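Below: one structure, written as structure tokens.
The values are calculated or read from the model by the stated rules, or taken from the named source; none is laboratory data. Bear in mind that the values here come from a model prediction, so they are computed numbers and not experimental data. As a convention, Cβ positions derive from the backbone with ideal geometry for all residues, glycine included, and neighbour counts pool all protein chains shown. Keep in mind that these areas ignore ligands, DNA and RNA; they rest on the heavy atoms of the full protein, side chains included. Shrake-Rupley method; radii C 1.70, N 1.55, O 1.52, S 1.80 Å.
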Amino acid sequence: MTALGTLLAQILVVLLAARLLGALFRRIHQPQVVGEMVAGILLGPSLLGWAAPEVSRVLFPPDGLGPLNALSQVGLLLFMFLLGMRMDLRHLGSRASAAMFISLASMVVPFALGVLLALYLHPRLAPPGVPLTGFALFMGAAMSVTAFPVLARIVADLGLLHTRLGTLALACAALDDVLAWCILAAVVALVRAGAGPLPPWAMLAGAAVFVAAMVLVVRPLLARVAVRLSGDGPRQRDALGLVLLVVLASAWTTEALGLHALFGAFLAGVVMPRDRIVARAVAGRLEDATVVLLLPLFFAFTGLRTHVALVQGPGLAGIAALVIVVAVAGKFGASALAARLAGMSWRESAAIGVLMNTRGLMELVILNVGLEIGVISPPLFAIMVVMAIVSTVMTTPLLEWIYPVRFIHAESPLAGSPPAVTGDEAVSS
């Protein structure tokens with residue numbers, strides 16, 4: 001089979017599995033993206049490679065995954081751009097102090113627990129030569145993240161979008177993701193220091209100059225471009241082309257600096273003008289192709305790197321259970337207690353804890369970065385992927401049990417107060 005034929009067959013199988021599993025998970029009241037994540041893992045050595053190794057070798061040959069990986073990385077860049085574009089914290093209003101307090105607690109405690117867990121895992125599962133500092137910081141970041149896009153979809157599906165609980169959870173998740181990406185950027189810089197294209201001081205100085213240029217120069221220019229997006233079709237396409245050039249140039253710059261291209265794509269989204277016309281013209285055109293076509297390819301490539309059987313090795317099942325317990329207890333416990341201290345009822349606080357424990361897609365993104373830069377090993381990667389899926393799958397049933405529909409209906413909508421981030425504009429399906 002030619003390289004093009006192999007790629008087309010891979011895309012066909014991945015999309016078919018993603019749509020089938022996504023529809024199945026919707027029927028059991030789970031976000032579709034969770035089914036797509038599971039579909040990606042099932043196409044890897046965890047199921048297809050075990051049940052039909054010959055089929056797996058023909059469909060996903062080790063030397064024929066380059067094009068699939070490239071497409072999945074492009075999809076991931078677009079996803080991070082869209083995610084950065086959705087991050088708008090200007091509408092927190094009176095909930096700003098509570099959101100910041102809960103978000104800080106839900107980051108600090110899981111991060112500290114992740115660092116402590118790293119002390120135990122480093123001699124057992126860290127790749128050779130990885131320093132404890134970089135490994136511990138990465139584990140802290142991985143334990144701290146909340147899947148903002150999946151959370152937004154859950155909040156919207158359950159009718160929590162315009163309630164105090166829903167808007168507060170979205171605001172906390174948005175703040176968490178920004179902090180987690182800052183920490184991850186520091187981890188990448190630390191791990192790649194001395195091995196990247198630039199010395200550490202040049203990497204940090206270049207990153208600072210680049211961020212300043214994006215905020216002070218690129219953002220005003222994009223604001224002028226936004227005026228053209230209200231024009232006719234050809235003008236919108238020209239403006240969209242310029243936006244894509246900015247995204248790719250930003251991603252290339254951070255990659256060239258020795259950071260990761262994802263940071264540049266995310267920053268390009270952050271500096272985009274916050275305007276409904278822009279959202280419709282840019283996000284509306286990119287989102288469907290990214291979510292329906294490209295993100296499932298990322299899930300599939302993640303699945304090809306995940307071998308769940310590795311978790312069954314000597315002592316690894318116990319480590320996997322420990323990782324899941326620490327992850328859930330840290331995120332749920334810290335978020336719930338902070339919400340209670342912020343004046344929410346125990347029921348609302350527990351619901352906040354459940355929502356903040358959603359990791360999903362963002363966890364997979366961070367884990368793939370960690371595996372790519374060599375800070376985590378394949379067995380630990382598999383363990384963390386299992387943790388991400390378990391913590392996400394438990395969200396909807398736990399939330400429906402803790403915060404039933406009658407409480408949602410009893411809470412008056414926050415009239416006249418727009419949510420921190422609109423759930424129906426969530427990037428992930």
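Okay, residues lined up against (1) farther than 11 Å from Met356 by Cα; (2) part of a helix (DSSP H, G or I); (3) not small (Gly, Ala, Ser):
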| position | (1), (2), (3) |
| --- | --- |
| Thr146 | no, no, yes |
| Gly159 | yes, no, no |
| Asp176 | no, yes, yes |
| Leu179 | yes, yes, yes |
| Val187 | yes, yes, yes |
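Yes/no matrix, rows are residues, columns are (1) open to solvent by 50 Å² or more (accessible area, probe 1.4 Å); (2) among the aromatic types (Phe, Trp, Tyr):
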{"site": "Thr306", "(1), (2)": "no, no"}
{"site": "Ala338", "(1), (2)": "no, no"}
{"site": "Leu341", "(1), (2)": "yes, no"}
{"site": "Met362", "(1), (2)": "no, no"}
{"site": "Ile366", "(1), (2)": "no, no"}
{"site": "Phe381", "(1), (2)": "no, yes"}
{"site": "Val386", "(1), (2)": "no, no"}
{"site": "Pro404", "(1), (2)": "no, no"}
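Among the residues of region 332-376, how many are in a loop (DSSP other than H, G, I, E, B) and touching a Lys or Arg at 6+ places or on another chain (Cβ under 7 Å)? Steps first, please.
Kept after step one, since they are in a loop (DSSP other than H, G, I, E, B), are these residues of region 332-376: 342-345, 357-359, 373-376.
Imposing the further condition that a residue be touching a Lys or Arg at 6+ places or on another chain (Cβ under 7 Å) reduces the set to 357, 373.
Total meeting the criteria: 2.
Of the numbered conditions (1) of a type outside the set (Asp, Glu); (2) assigned to a helix (DSSP H, G or I); (3) closer than 28 Å to Arg86 by Cα, Ala321 satisfies every one except a single condition; which is it?
Status for Ala321: all satisfied but (3).
One line per residue, one yes/no per condition, for (1) of a type outside the set (A, V, I, L, M); (2) at pLDDT 90 or above; (3) under 16 Å from the mean Cα position of the chain (by Cα):
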{"site": "Val354", "(1), (2), (3)": "no, yes, no"}
{"site": "Val385", "(1), (2), (3)": "no, yes, yes"}
{"site": "His409", "(1), (2), (3)": "yes, no, no"}
{"site": "Glu425", "(1), (2), (3)": "yes, no, yes"}
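Do you know which residues across region 62-74 are at pLDDT below 90 and either among the aliphatic types (A, V, I, L, M) or touching a Leu at 6+ places or on another chain (Cβ under 7 Å) (or both)?
Leu65
Checking the condition open to solvent by less than 10 Å² (accessible area, probe 1.4 Å), at pLDDT 80 or above and under 23 Å from Leu175 (Cβ atoms), which residue from Val243, Val278, Val271 passes?
Numbers: Val243 fails: under 23 Å from Leu175 (Cβ atoms); Val278 fails: at pLDDT 80 or above.
Matching residue, one of Val243, Val278, Val271: Val271.
Checking the condition part of a helix (DSSP H, G or I), open to solvent by less than 40 Å² (accessible area, probe 1.4 Å), at pLDDT 90 or above and within 23 Å of Leu151 (Cα to Cα), which residue from Ala23, Ala9 passes? Break it down stepwise before answering.
On the way: Ala9 fails: within 23 Å of Leu151 (Cα to Cα).
Every option except Ala23 fails the conditions.
Can you confirm whether region 183-202 contains a residue that is under 27 Å from Val34 (Cα atoms), surrounded by fewer than 22 Cβ atoms within 10 Å (Cβ to Cβ) and not charged (D, E, K, R)?
There is at least one residue in region 183-202 that is under 27 Å from Val34 (Cα atoms), surrounded by fewer than 22 Cβ atoms within 10 Å (Cβ to Cβ) and not charged (D, E, K, R).
Does region 75-95 include one or more residues that are modelled with pLDDT of 90 or more and polar (S, T, N, Q)?
The answer is no, given that none of the residues of region 75-95 is modelled with pLDDT of 90 or more and polar (S, T, N, Q).
Are any residues in region 167-204 β-branched (Val, Ile, Thr) and either closer than 23 Å to Leu104 by Cα or at pLDDT 80 or above (or both), and if so, which ones?
Keep residues of region 167-204 that are β-branched (Val, Ile, Thr), which gives 167, 178, 183, 187-188, 191.
Thr167, Val178, Ile183, Val187, Val188, listed by residue number.
Considering only region 31-46, I want to know if a residue exists there that is over 21 Å from Val291 (Cα atoms) and modelled with pLDDT under 90.
Let us first name the residues in region 31-46 that are over 21 Å from Val291 (Cα atoms), namely 45-46.
Checking which are modelled with pLDDT under 90 leaves us with 46.
Yes - at least one qualifying residue is present in region 31-46.
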